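None of the figures in this text is laboratory data; all of them are computed from the coordinates on show. Note that this is a predicted model, so its numbers are computed, not measured. Note that we place each Cβ from the backbone using ideal geometry, even for glycine, and neighbour counts take in every protein chain shown.
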Amino acid sequence: MQDVFIVSAARTPVGKRNGYLRAKVPAELLGSVLDEVVDRAGIDPGLVEDVINGTVYQVGEQGFTLGRNAVFASKLPDTVPGTSVNRQCGSSLTAIQMAYGMIASGTFDIAIASGIEIMSKFPIGSDVGGTLPDGRPQGQAFGEFYMKRLAGKEFYNQGQAAQAIAKKWNITRLECEQFAVSSHAKAHQATQGGYFKKEILPTKGLDAEGKEIMVDKDEPIRPDTSLEKLATLKSALGTEMITAGISSPVTDGASAMLLVGENKLKALNLKPLARIRANAVVGCEPELMLTGPVYATPKVLSKAGLSMADIDIFEVNEAFAPIPLAWAKELNAPMDRLNVNGGAIALGHPVGNSGCRLSVTAIYELIRRNARYALVTLCTGGAMAPATIFERV
Ligand SMILES: CC(C)(COP(=O)(O)OP(=O)(O)OC[C@H]1O[C@@H](n2cnc3c(N)ncnc32)[C@H](O)[C@@H]1OP(=O)(O)O)[C@@H](O)C(=O)NCCC(=O)NCCS
């Protein structure tokens, strides 16, 4: 086994639903971040042995092995292959973990892990149901086996699962709204302070009138949100307490990182940003579905031989406010180290992109703070959670 280093990492800004990334062709947007990480690493692009990409809705423009199509849209040569993996909201953290495994084992020397989702074009549910080219129904992806595991318990959508988690951990709507306000405030402060500058690849988008503009800031942040405003929002997703204000908004974005094994790092004299210290992935109870980070965190800590106290920053995806709040209550986590520059409630959650986006942000924040360890974890549809610990070097 060899150590695996992240040599470069970048992301696009996140766009709102039908916002400035709305017309982007997924392969092209992903191709732009592939080019960026290769350029930043300063390596011969032909040395990349695979592009492992995370995307959830692998249909239409996001289908047909988007990882490979993005290679064609980039400056990488034809000899670089690509693939796309799907672990729901954890897809691109899984892509990072898979790239890690291939490099650590010595199978590859260099690989890119990435994530992308253009939810403006492919909203949640885009790959469920529908018809085959010959008109036959596709059938339900979410089928009888999942229902059997529920064994007579409720079947919840994501919002209802978040509500059930809030109930189980005694989390009120007000606590969720306080957390949401602070997520927007932190993301706004980080943007104003230029903390995201190094990680964001300025990207061409469209303004409301359809005029081309260059974008270098995340679009979903609402600096003017308030507890008073959030209290007025109607509940959504068939729940009594989950509102748009305490949910991650539907968004667009792409991100990538270039991973290199220790041997090649030395041979090419590359300067790393961080290394991967440990990986884990768990399955959890299908009914509550979004509790995975609670179990993935101790598992990845134990693999790393570390404790909660050793971790400088935690990125726990804010799919809905009750998820990080339940995680923090269960693990007695320090709130001042959780999602320090805001999370998905403010910055958005382009589902397949989020694992890599959170990791890119965490690595740059470790560098900015001169800190050592970041733990990244995301709950996922299908009741799972990947978790990874990055170490600044
Ligand atoms: C919750 C959800 C259904 C809300 O969808 P929506 O109703 O289309 O959301 P909108 O963004 O239009 O927000 C609704 C209203 O709340 C307002 N709002 C939302 N967040 C706000 C905030 N922080 N402050 C003030 N107002 C806010 C919006 O301005 C909008 O107001 P309007 O109706 O006057 O325009 C949607 O965001 C969602 O599905 N999120 C979860 C996505 C998901 O499941 N991801 C995977 C996780 S596992």
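For the range 142-169, filtered to residues that are surrounded by fewer than 11 Cβ atoms within 10 Å (Cβ to Cβ) and part of a loop (DSSP other than H, G, I, E, B), the residue that is nearest to the ligand (Cβ to nearest atom) is E154. Comparison of A23, A27, A10, A113 shows that the only residue that is under 24 Å from K197 (Cα atoms), in a loop (DSSP other than H, G, I, E, B) and of a type outside the set (S, T, N, Q) is A23.
Looking at the range 292-315, which of its residues are of a type in the set (D, E) and either out of contact with any helix residue (DSSP H, G or I) (no Cβ under 9 Å at 6 or more places or on another chain) or surrounded by 15 or more Cβ atoms within 10 Å (Cβ to Cβ) (or both)? Break it down stepwise before answering.
Of the residues in the range 292-315, the ones of a type in the set (D, E) are 310, 312, 315.
Passing the criteria: D312, E315.
The single condition among (1) within 16 Å of the ligand (Cβ to nearest atom); (2) touching a residue at least 40 places away in the same chain (Cβ under 8 Å); (3) surrounded by fewer than 21 Cβ atoms within 10 Å (Cβ to Cβ); (4) over 21 Å from the mean Cα position of the chain (by Cα) that A208 does not meet is (2).
Assessment of the range 335-345 against the conditions (within 24 Å of P223 (Cα to Cα), without any contact (Cβ under 8 Å) to a residue 24 or more places away in the chain and not hydroxyl-bearing (S, T, Y)) yields at least one matching residue. Against the test of being of a type in the set (S, T, N, Q) and crowded, with 21+ Cβ neighbours inside 10 Å, the options N339, N332, N370 yield a single qualifying residue, N339.
Give the residue that is nearest to the ligand (Cβ to nearest atom), with candidates limited to residues of the range 331-350 that are under 22 Å from I276 (Cα atoms) and under 15 Å from the mean Cα position of the chain (by Cα). Only one residue tops the list, namely G343. The condition of being under 21 Å from the mean Cα position of the chain (by Cα), of a type in the set (K, R) and closer than 30 Å to E28 by Cβ holds for K121.
Could you check how many residues of the range 212-231 are more than 9 Å from the ligand (Cβ to nearest atom) and touching a strand residue (DSSP E or B) at 6+ places or on another chain (Cβ under 7 Å)?
Of the residues in the range 212-231, the ones more than 9 Å from the ligand (Cβ to nearest atom) are 212-219, 221, 223, 227-228, 231.
Next, only the ones that are touching a strand residue (DSSP E or B) at 6+ places or on another chain (Cβ under 7 Å) stay: 212-216, 219.
Counting residues in the range 212-231 that are more than 9 Å from the ligand (Cβ to nearest atom) and touching a strand residue (DSSP E or B) at 6+ places or on another chain (Cβ under 7 Å) gives 6.
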